[in-house]
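Each remark here refers to the structure printed beneath this line.
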2 protein chains.
Amino acid sequence: MLTERQLLILQVIIDDFIQSAQPVGSRTISKKDNVSYSSATIRNEMADLEELGFLEKTHSSSGRVPSEKGYRFYVDHLMSPFNLSGQEKTFVKQAFNHQMVEFEQVVQQSARVLSELTNYTSIILGPEVYETKLKQLQIIPLSQISAVAILVTDTGHVEHRSFTIPVEIKPADLEKMVNILNERLNGVPIIYLHHKLNTEIAELLKKHTSEFEKAYQYLRAALFDEQPAKLYVGGKTNILMQPEFRDIDKVRTLYSMIEEETEIAHLLRHNSTDIKVSIGTENEVNAMKDLSIITGSYSIGDTQLGTIALLGPTRMEYSKVISLLSLLSDRMTETFHSWYQKGSTGE
Amino acid sequence: MLTERQLLILQVIIDDFIQSAQPVGSRTISKKDNVSYSSATIRNEMADLEELGFLEKTHSSSGRVPSEKGYRFYVDHLMSPFNLSGQEKTFVKQAFNHQMVEFEQVVQQSARVLSELTNYTSIILGPEVYETKLKQLQIIPLSQISAVAILVTDTGHVEHRSFTIPVEIKPADLEKMVNILNERLNGVPIIYLHHKLNTEIAELLKKHTSEFEKAYQYLRAALFDEQPAKLYVGGKTNILMQPEFRDIDKVRTLYSMIEEETEIAHLLRHNSTDIKVSIGTENEVNAMKDLSIITGSYSIGDTQLGTIALLGPTRMEYSKVISLLSLLSDRMTETFHSWYQKGSTGE
DNA sequence: TTTAGCACTCGCAATTAAAGAGTGCTAACA
DNA sequence: TGTTAGCACTCTTTAATTGCGAGTGCTAAA
């Protein structure tokens with residue numbers, strides 16, 4: 001549809017704007033090394049590109065700015081692949097050289113790396129617990145009337161809840177029950193836990209006294225209330241350095257959204273292993289209309305654990321961010337893999 | 001030192017400024033109901049108060065603004081006690097009526113209440129784990145080569161760490177060791193754990209094979225690396241509504257500080273049970289020079305668990321904040337107390 | 001001792017003017 | 001016919017000017 005020349009010009013304009021954050025004029029473009037047309041020619045092409053919806057003007061006589069459509073086209077067809085600098089590669093490497101033994105550590109390091117190398121805000125969605133399998137259930141009494149229930153998954157994730165023990169239940173009974181549960185539930189995907197608990201196990205427990213019934217209810221409440229997936233945010237202040245965030249009100253709406261968690265979690269979660277780019281209003285949330293989100297994922301084996309994302313202005317260094325995100329996503333997956341599958345853990 | 005009239009005027013000025021955030025002029029004051037002097041008289045007194053260092057001018061011909069010394073004097077001598085409105089009391093009550101079974105829940109609710117009722121940012125410092133006692137240690141193997149260690153304290157706090165099992169250690173040995181440790185360490189304050197481990201227990205373990213020695217090292221590393229106290233922040237965006245935070249740069253320095261955690265944790269931690277007010281530069285950190293911090297504490301029995309604080313501009317509703325903070329601090333302490341001491345838990 | 005009155009100081013908002021960046025269009029050119 | 005030089009025009013940005021109002025400090029009178 002577009003001519004070679006138009007493609008070139010569009011690309012150069014967007015590249016320049018991503019760098020400068022300033023509307024770019026025809027003369028600026030004509031001076032670039034890889035462009036050999038006069039400013040007048042560029043002007044004509046720009047007018048056409050604007051008519052086609054790829055560019056916009058901020059006011060009637062000023063340089064052009066990429067439109068959302070322009071960015072979309074850029075990301076899909078124009079963007080030149082980004083080569084991470086040696087420095088950047090080393091930075092990532094070092095972060096993962098750290099002796100890391102814990103899930104949270106890895107996630108936090110990754111979030112940090114992402115935000116430091118990009119100057120955008122990184123958000124990592126913790127694992128959807130429901131996709132992992134139960135390893136062990138523990139009830140540890142704290143006093144006569146309270147106990148803490150601990151649930152460990154095969155990925156080493158630990159969930160815990162304190163609860164009060166109803167007086168009619170004897171500690172010994174509780175223990176017996178936990179034993180039964182452990183026996184029957186080991187290895188069951190958390191996602192089926194609830195179901196299995198309600199059918200098989202409920203049957204089994206009914207054979208025992210009514211006290212079991214009561215205790216079981218407590219346990220269920222303590223363990224299976226919905227646990228929202230955890231959000232790890234890095235470099236929240238980075239975005240304040242972007243010129244598009246000079247406006248306090250914008251900052252506030254964005255931060256409120258991040259603080260509130262559920263909406264953004266919903267926005268980020270995605271199930272493909274590809275990297276996905278959502279530009280501006282493509283996010284379908286008003287607060288995001290000037291922002292882009294790039295999401296990737298990390299996994300253990302075939303189980304996809306969570307989402308890793310970068311949040312920045314629509315004027316984003318897409319190419320760099322995409323390279324970096326896919327690098328980090330791989331590194332995370334590798335690390336987790338080495339822990340739970342092979343055995344050659346970094347020690 | 002100051003005359004009655006000066007006290008009155010100073011108080012009224014500060015009260016007004018806390019409300020309006022605008023420099024207050026002599027006429028504004030003379031119009032107040034409880035002030036019966038003409039603007040000229042007020043002007044003279046203001047000039048004196050300025051000379052004494054309690055007030056400042058933003059420029060040569062504008063109303064006065066309280067100085068840091070002014071606020072300090074206000075907090076110490078002038079402030080009138082604040083009566084929480086019925087609405088506010090209900091709000092707090094409702095928040096604590098929720099059936100709460102977990103430490104984190106209580107803390108998060110409290111942080112939320114504080115920030116919502118004040119429109120400032122609340123920060124709660126999690127318990128210093130080292131002040132609580134060990135309840136139980138658990139090692140749960142995940143695979144041939146990895147396991148997760150879980151440490152439960154008597155306050156229901158759960159710490160966990162994944163680690164890799166060195167090949168030379170057999171699962172059975174590990175279990176035996178955990179048993180020994182549990183037997184010997186139950187009820188030991190976490191703060192002594194390290195010491196006790198190094199002396200008594202080390203002795204005990206040395207009697208067994210060298211493999212114990214090795215395993216013990218791993219365990220220690222996994223469990224007793226320093227765990228920074230957790231920070232719960234509520235209403236981070238509230239502060240953006242304060243007129244003194246129109247300036248993005250200020251916002252950035254503050255947020256960076258909160259994000260970085262250690263410095264602010266150090267700033268907040270305090271050991272008295274009183275409420276402490278730190279105004280502006282009294283905080284001895286440059287980023288805090290226009291901010292005040294009010295801190296209180298919460299505890300279980302005699303063990304002080306953590307710090308609860310509010311962060312706002314020096315132009316803060318000190319009186320309200322102090323009432324609220326002490327209310328919340330009591331409520332938290334009560335709640336925890338009811339869990340672990342008496343037995344009349346809210347169920 | 002208090003207060004009325006008045007000249008004076010600043011900051012702020014609105015107005016105007018000039019400069020500069022960039023466009024669109026026309027006409028000339030290869 | 002596609003490209004480019006030239007020029008008038010548009011619109012933003014910045015600085016300078018002005019007037020207004022809030023507030024002060026001082027003086028003199030009550």
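The values are calculated or read from the model by the stated rules, or taken from the named source; none is laboratory data. Quantities reported herein were computed from a predicted structural model and do not represent experimental measurements. Methodologically, a virtual Cβ is constructed for each residue, glycine included, from the backbone with ideal geometry; neighbour enumeration extends over all protein chains shown. We work out accessible area using only protein heavy atoms, side chains counted, and drop any ligands, DNA or RNA first. Shrake-Rupley method; radii C 1.70, N 1.55, O 1.52, S 1.80 Å.
Observations on the model:
- Mean separation of Cα pairs under 8 Å and 6 or more residues apart, divided by the residue count, gives segment A:4-78 a relative contact order of 33 percent.
- Within a Gaussian network of chain B (alpha carbon springs, distance under 10 Å), most fluctuating of B:Ser292, B:Ser30, B:Ser278: B:Ser30
- Remark: the Cα gyration tensor places segment A:4-78 in the rounded category, a/c being less than 1.5.
- Across peptide B:239-250, the average count of Cβ atoms from other chains found within 10 Å of a residue's Cβ is 2.
- The length gained on full extension between B:Glu4 and B:Arg27, counted as 0.36 nm times the residue separation minus their Cα-Cα distance, comes to 6.3 nm.
- With the simple spin-label model, which puts each label point 7 Å out from Cα in the Cβ direction, the A:His195 to B:Glu200 separation comes to 5.0 nm.
- 3J(HN,Hα) along segment B:292-299: 10, 10, 10, 10, x, 9, 9, 8 Hz, from the Karplus curve 6.51 cos²θ - 1.76 cosθ + 1.60 with θ = phi - 60°, whole Hz, x for Gly and Pro.
- Within 10 Å of the Cβ of each residue in A:133-143, the mean number of Cβ atoms contributed by other protein chains is 4.
- Sites B:Ser338 and B:Thr90, calculated FRET efficiency, Cβ-Cβ separation with R0 25 Å, nearest 0.05: 0.75
- Shape of segment B:95-161, Cα gyration tensor, a/c cut at 1.5: prolate
- Rule-of-thumb Rg ratio for the protein assembly as shown [Cα; 2.2 N^0.38 Å; N residues]: 1.14
- Alpha-carbon centroids, segment A:253-268 and segment B:1-79: separation in whole Å: 43
- Taking every alpha-carbon pair under 8 Å whose residues sit at least 6 apart, chain B reaches a relative contact order of 19 percent.
- Gyration tensor verdict on chain A (Cα atoms; rounded if a/c is under 1.5, prolate if a/b is larger than b/c, oblate otherwise): prolate
- The interface between chain A and chain B buries about 3900 Å² of solvent-accessible area in total (1.4 Å probe, ligands and nucleic acids excluded).
- A 1.4 Å probe run over chain A, with the rest of the protein chains in place, finds 47 Å² accessible per residue.
- Candidate aspartates and glutamates for bridging to A:Lys89, where Cα separation is under 14 Å - those fewer than 8 sequence places away on the same chain excluded: A:Glu116, A:Asp330
- The apolar share of the surface of chain B, taken as the fraction of accessible area on carbon and sulfur atoms (1.4 Å probe, ligands and nucleic acids excluded), comes to 47 percent.
- Couplings for segment B:55-66, taken from phi via the Karplus curve 6.51 cos²θ - 1.76 cosθ + 1.60 with θ = phi - 60°, read 10, 9, 10, 7, 7, 4, 10, 8, x, 8, 10, x Hz in order; Gly and Pro are left as x.
- Take each peptide in B:157-166, B:181-190, count the other Cβ atoms within 10 Å of every residue, and average; sorted highest first, the result is B:157-166, B:181-190.
- Calculated FRET efficiency for the pair A:Gln144/B:Asn186, C-beta based, R₀ 25 Å, to 0.05: 0.95
- In segment A:282-340, Cα pairs under 8 Å separated by at least six residues give a relative contact order of 34 percent.
- Cross-link table B:Lys69/B:Lys276; A:Lys236/B:Lys276; B:Lys135/B:Lys196, entries beyond 19 Å C-alpha to C-alpha: A:Lys236/B:Lys276
- Average beta-carbon neighbours from other chains, 10 Å sphere, peptide B:154-160: 6
- Rounded to 0.05, the FRET efficiency of the B:Asp247 and A:Tyr37 pair, given R0 = 35 Å and the Cβ-Cβ distance, is 0.20.
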